[in-house]
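See below for the structure under consideration.
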Amino acid sequence: MFHARLMDRPEDYKKLGINPNKVELWEEGRRDTSAPGNNEVWYFDATMEDGSKVIVGFRPKDPAKMSTDMDSPNVNIMITSPDGREIGDFHYFTAGESLTGEGHGCDLKYGPDTAKGNLKQYDIHVEPINGAGADLHYEALAEPFRQGTGIVAFGEHDEFHHTDLSVPKSRVTGTLYYDGAEHKVQGLGYHDHQWMNANPMALYHHWLWGRMYTDKYTVYIYDFVANEKYGFKPLMMFGLLDNETGKVVFQADGRFTRETKLEKQVKTGREFPKTSRYLFKNEDGKAVDFSVVWADEIETRDMYTNAPEPMKRQFDAMNIAPVYMRYYAKGTVVFTDPSDQSKNTGTGDMIYEIRLSRQAR
């Protein structure tokens, strides 16, 4: 059986040149190369006060061309209007039309589309080429969060990796372009930066990703479970940030239990957790009780059944049959800190996704 682990040992920080106590600006620059198998994404989303939502992703390589040895930059945008309609677009560019900055924060210019930021502020422009676009400003309300080095490594010699580095809460203002009009918006948003040298769906059996904003706390969770080849090992990223200070007050140290109640999803025929409860208790005595119950299904994608034949053959080669669910949920978090004998509770709305890449039939 092969190994899977979160890289959080002292020797890992030293080898990678990562400060264990602080996320540094260079970490937002490009982390991988255009070598075959590599890819990267700078992801942004926001939920606006008018009920609209937006998702934007910048990638130096087309996910369908990860096996090539050259960049194929692309940008996708998906806007959900207040009445629930989805308006999206995908922009593709050549390597010569694009710039992916290294070492000086997020510095991306893909054709007319740009993203620039420094872990505290970001400005995003997506040209409304086919009707969907955005000009958004992100102002961080919480410090960046990284679990360990942010890198999950796979293999006998850590030869494969998948990662996450996030700015989990920002104030977002600006303009969304859709329906032939400009829509001034404001709300709350999230950003993360991921880089990888293997398809994540080939590494994980499933994952749950989400964040929740309560009156007191911001909750970040990435609950990865490696695939059978790696022993279904749990690989948890979890952080609790104080809204008043923006500081991380709790970071999981690997000690946790998970309780779920499964329910079959009719369209996919797969079982997903209707309720999830996580109990974290660190060595220093700090503890978090986090529970979430989904109320509505926002999106269902049977990625295997509905895939075109070339993509289905790729899934077959990886021996997976992925499906994707996105939920609106209600969550509760209880934080216990023995250092000051405090116990605080927060509740809030949560949007989270589950991607299941189980063995193909």
Phi to ³J(HN,Hα) by Karplus 6.51 cos²θ - 1.76 cosθ + 1.60 over the stretch 287-293, Hz, x for Gly, Pro: 9, 9, 10, 10, 9, 9, 10
Under a 1.4 angstrom probe, counting protein chains only, how are 247, 233 ranked by accessible area, largest first? 247, 233
Using a Förster distance of 35 Å, how high is the FRET efficiency between residue 263 and residue 3, based on the Cβ-Cβ distance and rounded to 0.05? 0.60
Where GluC sites (Glu not before Pro) fall in DSSP loop in the stretch 34-135, at most 14 other Cβ within 10 Å: 49, 102
Heavy-atom accessible area of residue 211 with all protein chains present, probe 1.4 Å, nearest 10 Å²? 30 Å²
Probe 1.4 Å, heavy atoms of protein chains only: per residue, the accessible area of the chain in Å² is 45 Å²
Consider the candidate values (1) 73, 47, 45; (2) 55, 47, 47; (3) 86, 52, 34; state which one is Cα extents along the principal axes in Å computed from the structure displayed. (2)
Could you look at the stretch 157-243 and say what percent of its accessible area is carbon and sulfur, using a 1.4 Å probe and all protein chains? 51 percent
Once the whole set of protein chains is in place, how much accessible area is left on residue 83, using a 1.4 Å probe, in Å² to the nearest 10? 110 Å²
Given 169/281; 14/247; 14/53, the pairs whose alpha carbons are separated by over 29 Å: 14/53
In a solvent-free Debye calculation with one equal scatterer on each Cα, what is log10 I(q)/I(0) for the stretch 164-283 at q = 0.10 Å⁻¹, listed in the order of the q values? -0.44
Taking a cut-off of 18 Å between Cα atoms, list the lysines near residue 312, but don't count ones fewer than 8 places away on the same chain. 65
Interchain or sequence-distant (5+) residues whose placed amide H lies within less than 5 Å of the amide H of residue 217 are 243
I need the phi-derived Karplus couplings for the stretch 264-270: 6.51 cos²θ - 1.76 cosθ + 1.60, θ = phi - 60°, integer Hz, Gly and Pro marked x. 6, 8, 5, 5, 9, x, 9
Give me the accessible area of residue 43, 1.4 Å probe, in Å² rounded to the nearest 10. 40 Å²
What list of ³J(HN,Hα) values in whole Hz, one per residue of the stretch 191-204 in order, does the Karplus curve 6.51 cos²θ - 1.76 cosθ + 1.60 (θ = phi - 60°) give from phi, with Gly and Pro shown as x? 9, 9, 10, 10, 9, 7, 10, 7, 5, x, 5, 8, 9, 10
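The values are calculated or read from the model by the stated rules, or taken from the named source; none is laboratory data. It should be emphasised that the depicted structure is a prediction, and the values quoted were computed from it without experimental measurement. Cβ sites come from the backbone with ideal geometry, for glycine too, and all protein chains shown count toward neighbours. The protein model used for the area step is the full one, side chains on, heavy atoms only, and it has no ligands, DNA or RNA in it. Shrake-Rupley method; radii C 1.70, N 1.55, O 1.52, S 1.80 Å.
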